[in-house]
Amino acid sequence: MPVARVMAASSGSTLACLPYGTGGDREGVCLQVRLGPHLLLLDCGLNSLDALAVDTQPAAWAICSHAHAEHARGFLALHHRYPDLPIYTSELTGALLSLNWPSEQPEPFWQTLAWRSPTQLAPDLQVQLFPAGHLPGAAAILLTYQTPQRAYTLLYTGDFFLSNSRLVEGLSLEMLRSLAPDVLIVEGRYGTARHPRRRQLEKQLLAQIEEALMREYSLLLPVPPLGLGQELLVLLRSHHQFTGRDVEIWVAGQVAAACDRYLNLLPQLPAAVQICPPSTTVLG
């Protein structure tokens with residue numbers, strides 16, 4: 001997805017960004033940022049690591065904003081190439097990351113960070129994660145680089161959503177209101193356009209599904225295996241139009257695997273989801 005970039009520089013410190021990838025299924029998101037002498041990678045959704053230096057480690061640390069493939073699928077290859085590179089993410093994202101590599105299911109090679117808790121990466125550099133909405137575990141990443149003169153901050157929102165969805169609460173602007181980052185890297189796919197409310201879109205979708213079922217049609221819903229697939233299952237299981245009805249729902253294997261992972265995370269999901277977890281039937 002497109003990423004809008006704002007760069008800043010000052011006479012005693014360097015703040016810069018090199019985008020290895022800025023979105024899309026083919027490219028993915030991967031940003032190298034420099035804060036003074038420190039290099040970090042924000043996300044690694046690359047299909048190939050050809051753009052990264054082979055002999056020289058491209059950063060001292062890497063941070064994953066969330067588990068969607070276009071932000072995370074390259075981390076396993078990155079770990080194989082640079083096994084000493086520390087990789088950080090939120091606890092929930094850490095629980096979902098391996099869904100990107102279903103044929104391998106590696107042991108965790110990442111470290112998890114608590115929400116809103118500053119973690120010192122170096123004496124003059126710290127990272128802090130804030131819940132960003134969008135997907136369970138999705139994080140906005142705040143980096144703070146301290147010089148003798150002042151502190152410089154970089155905020156990378158990753159993908160975020162301001163409104164609550166069925167599986168995660170939206171990004172709280174109150175948490176970020178006091179920040180005045182020197183560098184802002186923001187997810188910019190939707191720009192400044194106004195869009196219908198999510199509940200309105202859900203109502204329209206359910207009306208279309210209802211009409212199709214009344215006509216005795218079978219429906220195919222192509223969805224990403226992580227996130228939207230689980231949201232639609234919760235919607236179909238919990239909405240009054242479908243409660244108690246004999247509707248058979250079949251799901252593909254990757255969607256079902258993500259559902260199983262969500263079931264293990266129920267205590268960390270919204271209360272409404274804990275009351276009505278999605279059940280699934282796996283195709284094939």
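All of the numbers you see were taken from the coordinates with simple rules; none came from a lab. Here the structure is a predicted model, which is why all the values come from computation and not from measurement. So basically every Cβ, Gly included, is an ideal-geometry build from the backbone, and we count neighbours across all protein chains shown.
Remark on segment 49-113: ratio of C-alpha radius of gyration to 2.2 N^0.38 Å is 1.05. A full extension of the chain between Lys203 and Asp246 corresponds to an added length of 13.5 nm, given 0.36 nm per residue minus the alpha carbon distance. For the chain, the Cβ-based charge dipole about the Cα centre amounts to some 720 debye (Lys, Arg positive; Asp, Glu negative; other atoms uncharged).
Projected onto its three principal axes, the C-alpha set of the chain covers 68, 40, 32 Å, listed from the longest axis down. Calculated mean residue ellipticity at 222 nm for the chain: -6500 deg cm²/dmol, from DSSP H runs with n ≥ 4 weighted as -39500 (n - 2.57), summed, divided by the residue count and rounded to 500. Each of Asp55 and Leu162 was given a label point 7 Å from its Cα along the Cα-to-Cβ line. The distance between the two points is 4.9 nm. Remark: the Asn47-Ala151 segment gains 33.9 nm on full extension, using 0.36 nm per residue and subtracting the alpha carbon distance. The mean sequence separation of alpha-carbon pairs under 8 Å and at least six residues apart, normalised by the residue count of the chain, gives a relative contact order of 13 percent.
With the charge dipole of segment 3-187 set up from +1 on Lys and Arg Cβ and -1 on Asp and Glu Cβ about the Cα centre, the Cα lying farthest toward the positive end among the listed residues Ile185, Gly23, Pro58 is that of Ile185.
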